[in-house]
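Written below as structure tokens is the structure these notes are about.
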Amino acid sequence: MTHTFLGMPSTAPPGVGHLRGTEPFPSAARRSLADPQLRRNLGHATATIRARSAGMIAEVPDWQQLREAGRAIKTDVMARLPELLEQLEARVTEAGAVVHWAADATEANRIVTDLVRATGSERVIKVKSMVTQEIGLNEALVAAGIAPVETDLAELIVQLGDDRPSHILVPAIHRNRAEIREIFLRAMPGVDPGLTDEPAALAAAARNYLRQTFLTTKVAVSGANFAVAQTGTLAVVESEGNGRMCLTLPETLITVMGIEKVVPTWQDLEVFLQLLPRASTGERMNPYTSMWTGVTPGDGPQAFHLVLLDNGRSAVLADPTGRQALHCIRCSACLNVCPVYERTGGHAYGSVYPGPIGAVLSPQLTGVADNASLPYASSLCGACYDACPVKINIPELLVQLRDQAPHPRAEAAAMAAAAYTMDHPRLYEAAQRAVRLSRLAGRRGCALPPPLDGWTASRDLPDPPAQTFRQWWAGR
Amino acid sequence: MSSRDLLLGRLRAALAAGGPQVPVEVPRDYRHGGPLDLDRFVARLIDYRAQVHRVSEDAVADTIAAILPAGATVVVPPGLPSGWLPSTVTVRPDHDLDNGRIAAADAVVTAAAVAVAETGTVVLDGSPDQGRRVLSLLPDRHVCVLRTAQVVATVPEALARLTPQRPLTWISGPSATSDIELSRVEGVHGPRTLHVVLLP
């Protein structure tokens, strides 16, 4: 529970989950940039997915109409979020499930932990889910003596490597096949010591390792890609079949979803099921999509719990411009086209939501002060806006958040001084002459002195011109 | 105050802070259907490494006999037409088979509810000829028998034909992953081989 006034929009609490990094983006990015293997892996992977996705999008003659529909549906969802959630709750409950409401990460973790404890199971199988990463569910389960097993191949690579995810769709994108083979040989129980680094062999090793776990675990935890308010239907899209295993085999299924994942009608899925796979994995359709409504007697889990999570989303909703960050369908297209992400990778962003969408979502979920460097992790080139299948105007949000972020006093003083100087023509001319003097003094290509050196930490100071515009104009 | 009331109160306060709400009109000028192209459907299935057999209804059993080795164990949903199954395989109808028996089977044969030509997708809805979801999940080989009348051109047409309250599984090719260097690899946890038998 939060300690803010009851009923007021509230940011995600600190001390739980993974929305805040331990250091600002620039210093974390500097370390990533110094790792040539990481940059090679990222460059190869993002180039591959960009080409594949572009080819698949080019096949669809009405892609722009679908994007516009997706944007409008999400805008409508945000405007009607309370009533849609109440409708979803009613339909899901009628279909034999139990709905829980979690104000923040701590409460969601407690709800899930209590539900697992009640089953007596000491292990849960997990479908890849951003929201359970966000709230730090695995840590909470471990603290309660429950072993969470990640079943998505990339999540498994991250878990076995004692690593952190670095991409929304492909959490192990920073690892190449040779590194994955080493992790499996080191940490996967019962692995064949003759394992090669062929992707098919690595996938087969994961299949063998997880098969018995799938068949013997009584509880699964999933996220959700979509939840239909009209029908109470949940949907999970995936590729490997680990999702189907988790959604089908256990006796109890617990689904944690961010409240923004609700869509109004069954028909709305026709838009998102076309947008998501092509923008995300660059496929016409992902190999498996599971849809279920409550409990089906005789088929699949006979106990189903749905946990609806706020954890800062109400605070994002309170900003009429900022709330479009909640439209995100977690496709990761913006990561794959971002020149900054391609070079730094996901770890530099600190939060589980990296890349352009992370740079606008994380600071809003936590409050800008707690992720103040992220809105600057961008060149504002706009590629993310073009790539977004639901047309989130990420550059607009980055600029707005930069405005809201706390600014260093030196910067504020410099801006105030510049404004004053520009308002006074004599002063302005004197300042320009001073800049020229610095050129005569040979101070070219240098960094600014403190306290202004932050500006030149990652930029060269341009050479001052030999002549100001006013001098040139006067001499014509 | 319950968490439910707290959360809904926060959301209503957040919306009120943003000023009056303007109703949103969703433009739906994207395609809602299209001409059905069966050759394209077959090409898209093959593109995602499914194997396709276009045969007449009376040739289904012979086709399946050619796909599955003699003596193979096959689990089937209880409502599957018995004429589809060849005498060369051992058939285990799903009358509450346990997961271990299903996983040990060499293959599963099911019908389907709907298929989407544009994406190369078949959808199962748990009807008696398709069975419980676990049936088509654990065996390593899935043979799916489909009638042409069940194939639609686009995703919107497929959704319109489906019943949301049924457990639905959309299948586009065999199990796959893109998790290693973003290259697509077929065959992880679901069936590693998918055969689609397409009837007229």
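The values are calculated or read from the model by the stated rules, or taken from the named source; none is laboratory data. None of the values given here were measured: they were computed from a predicted structure. All Cβ positions, glycine included, derive from the backbone under ideal geometry; neighbour counts span all protein chains shown. Side chains included, ligands, DNA and RNA excluded: accessible areas come from the protein's heavy atoms. Shrake-Rupley method; radii C 1.70, N 1.55, O 1.52, S 1.80 Å.
What to note about this one:
- Taking the centroid of alpha carbons for each part, segment A:147-163 and segment B:174-200 are 21 Å apart.
- Of the DSSP H helices in chain A, those with a Cα length along their own long axis of 18 Å or more and a mean Kyte-Doolittle hydropathy reaching 0.5 comprise A:409-422.
- Peptide A:272-279 has a mean of 2 when you count, residue by residue, the C-beta atoms of other protein chains within 10 Å of its C-beta.
- Helical content of the protein assembly as shown, expressed as a calculated mean residue ellipticity at 222 nm, amounts to -12000 deg cm²/dmol (DSSP H runs of 4 or more residues, -39,500 (n - 2.57) each, divided by residue number, nearest 500).
- Peptide A:241-251 has a mean of 5 when you count, residue by residue, the C-beta atoms of other protein chains within 10 Å of its C-beta.
- Of all DSSP beta bridges in chain B, antiparallel share, percent nearest 5: 30
- Per residue, in Å², the accessible surface of the protein assembly as shown once ligands and nucleic acids are set aside, probe 1.4 Å: 39
- Cα centroid of segment B:84-99 to Cα centroid of segment A:248-273, whole Å: 33
- Put simply, chain A fits an ellipsoid with semi-axes of 45, 26, 21 Å; these come from the alpha carbon gyration tensor as the roots of five times its eigenvalues, largest first.
- For segment B:36-199, size of Cβ-based charge dipole, Lys and Arg +1, Asp and Glu -1, in debye: 120
- Each other residue within a Cβ distance under 11 Å of A:A12 adds +1 if Lys or Arg and -1 if Asp or Glu, for a net charge of -2.
- Selected from A:A227, A:L401, A:A412, residue furthest toward positive end of dipole (chain A; charges at beta carbon): A:A412
- Using only side-chain charges placed at the Cβ, +1 for Lys and Arg and -1 for Asp and Glu, the dipole size of chain A relative to its Cα centre rounds to 1700 debye.
- Other-chain or far-sequence residues with amide H under 5 Å of B:T121's (modelled H): B:V116
- Residue-wise HN-Hα coupling along segment B:9-18, computed from phi with Karplus coefficients 6.51, -1.76, 1.60 (Hz; x: Gly, Pro): x, 4, 5, 5, 5, 4, 5, 5, 5, x
- Simple label model, 7 Å out from Cα along Cβ direction - A:D460 to A:Q302, nm: 7.2
- Positive-end residue, segment A:35-313 charge dipole about Cα centroid, Cβ charges, pick of A:Q37, A:G136, A:I254: A:Q37
- Share of carbon and sulfur in the accessible heavy-atom surface of chain A [1.4 Å probe, %]: 56
- Heavy atoms of chains B and A lose about 7700 Å² of accessible surface on contact, summed over both sides with a 1.4 Å probe.
- Positive-end ranking of A:T196, A:S290, A:L273 along the dipole of segment A:35-313, with charges on Cβ about the Cα centre, is headed by A:T196.
- One Cα centroid belongs to segment A:34-100, the other to segment A:404-436; the line between them spans 44 Å.
- Relative contact order, percent, chain A [alpha-carbon distance under 8 Å, six or more residues apart]: 22
- When each of A:K218/A:K261; A:K74/A:K261; A:K74/A:K126; A:K128/A:K391; A:K126/A:K391 is checked by Cα-Cα distance, pairs over 20 Å: A:K218/A:K261; A:K74/A:K126; A:K128/A:K391; A:K126/A:K391
- Average partner coverage of B:25-36, which counts Cβ from other chains inside 10 Å: 5
- Burial ranking of peptide ranges A:387-394, A:63-70 (average Cβ count within 10 Å, highest at the top): A:387-394, A:63-70
- Accessible-area composition of chain B, carbon plus sulfur, in percent [1.4 Å probe]: 50
- Mean separation of Cα contacts under 8 Å (6+ apart) over length of segment A:35-313, as relative contact order %: 28
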